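So the structure is just underneath, and the comments pick up after that.
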Amino acid sequence: MSKLAGPEAKKIKNLFGGIANTYDRANDVITFGMARRWRKKLVKWSGAQPGMSVLDCATGTGDLALNFKSVVGKTGHVVGSDFCPEMIALAPDKAKKQNTEVTFQIEDVTELSPKDNSFDITSIAYGIRNVQDPKKGLSEMARVTKPGGKVMVIETGEITTPIFKHLIPIYFNFIVPLLGGFVSGNKEAYDYLNKSSSQFPCKEEFVEIMKSTEMFSEIEYISIMGGASYIYKGTVKSLT
Ligand SMILES: C[S@@+](CC[C@H](N)C(=O)[O-])C[C@H]1O[C@@H](n2cnc3c(N)ncnc32)[C@H](O)[C@@H]1O
């Protein structure tokens with residue numbers, strides 16, 4: 001395993017299995033629905049175009065995969081993958097309701113089944129901090145992405161705006177576990193999700209993890225809402 005060790009995979013699978021049915025509702029309550037907008041921002045910044053192929057890893061209940069599908073259209077192809085059967089089981093119904101087609105499959109992001117250079121874009125939303133070996137996950141994402149293609153990551157961050165810097169930790173440390181616990185009936189899960197979010201590297205520290213894979217020629221990032229989340233874009237090295 002590489003240096004930055006995330007949580008044990010089995011524990012994470014069980015945790016998400018236990019909150020899958022209430023995950024979307026709790027997420028909307030906790031982020032005031034803003035996470036939906038932030039995923040769309042990731043799609044826009046990725047440069048996705050009609051006809052492209054996309055793999056969304058740790059897709060959960062499939063929202064980011066569906067956002068990509070609405071951009072790549074009928075000529076494009078999107079695969080959503082996750083290692084938690086209970087989470088991904090909820091995704092096909094969403095696609096059906098939107099009258100669209102996305103392939104959903106069980107995959108561990110640290111051992112992806114697609115061949116090298118299969119996708120124009122790979123993505124992971126609020127998933128990488130839950131992966132046991134984040135560097136391996138990022139390397140796998142880069143491996144299955146075409147040279148010049150993009151690996152897109154959105155993850156929680158560190159608020160730097162002066163007033164919010166003090167208020168937001170109070171919200172996340174005390175209110176989020178209560179809200180998440182109330183909606184899901186599982187306060188411990190939201191205690192964990194909050195802790196993992198405050199401990200996970202962001203900005204340059206996360207860029208260092210991406211760099212350590214030696215698979216990117218360029219890595220950029222943007223902050224959202226004063227640092228509540230960050231979107232990272234890695235361009236996969238060309239072969240020449
Ligand atoms: C916070 S949820 C995010 C779900 C979704 N991407 C979203 O934006 O709402 C984290 C997801 O990461 C998945 N996950 C964690 N480790 C994984 C791994 N090694 N391989 C695949 N999925 C993983 C979990 O099963 C869970 O569905």
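The values are calculated or read from the model by the stated rules, or taken from the named source; none is laboratory data. Everything numeric here is computed off the predicted structure, so don't read it as measured data. All Cβ positions, glycine included, derive from the backbone under ideal geometry; neighbour counts span all protein chains shown. Accessible surface areas use protein heavy atoms only, side chains included; no ligands, DNA or RNA. Shrake-Rupley method; radii C 1.70, N 1.55, O 1.52, S 1.80 Å.
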Could you tell me whether residue 69 is part of a helix (DSSP H, G or I) and under 18 Å from the mean Cα position of the chain (by Cα)?
-> yes
In region 19-52, residue nearest to residue 146 (Cα to Cα) [restricted to those that are open to solvent by 20 Å² or more (accessible area, probe 1.4 Å) and polar (S, T, N, Q)] | 49
State yes or no: is residue 69 open to solvent by 30 Å² or more (accessible area, probe 1.4 Å) and of a type outside the set (Asp, Glu)?
-> no
Boolean, residue 38 is out of contact with any helix residue (DSSP H, G or I) (no Cβ under 7 Å at 6 or more places or on another chain), of a type outside the set (Lys, Arg) and within 13 Å of the ligand (Cβ to nearest atom) | yes
Assess whether residue 43 counts as being in contact with a helix residue (DSSP H, G or I) (Cβ under 7 Å, 6 or more places away or on another chain), hydrophobic (A, V, I, L, M, F, W, C) and within 14 Å of the ligand (Cβ to nearest atom).
-> yes
Enumerate the strands (runs of 3 or more DSSP E) found wholly within region 77-149, keeping only those where 2 or more residues are more than 8 Å from the ligand (Cβ to nearest atom) and farther than 22 Å from residue 41 by Cα.
-> 103-106
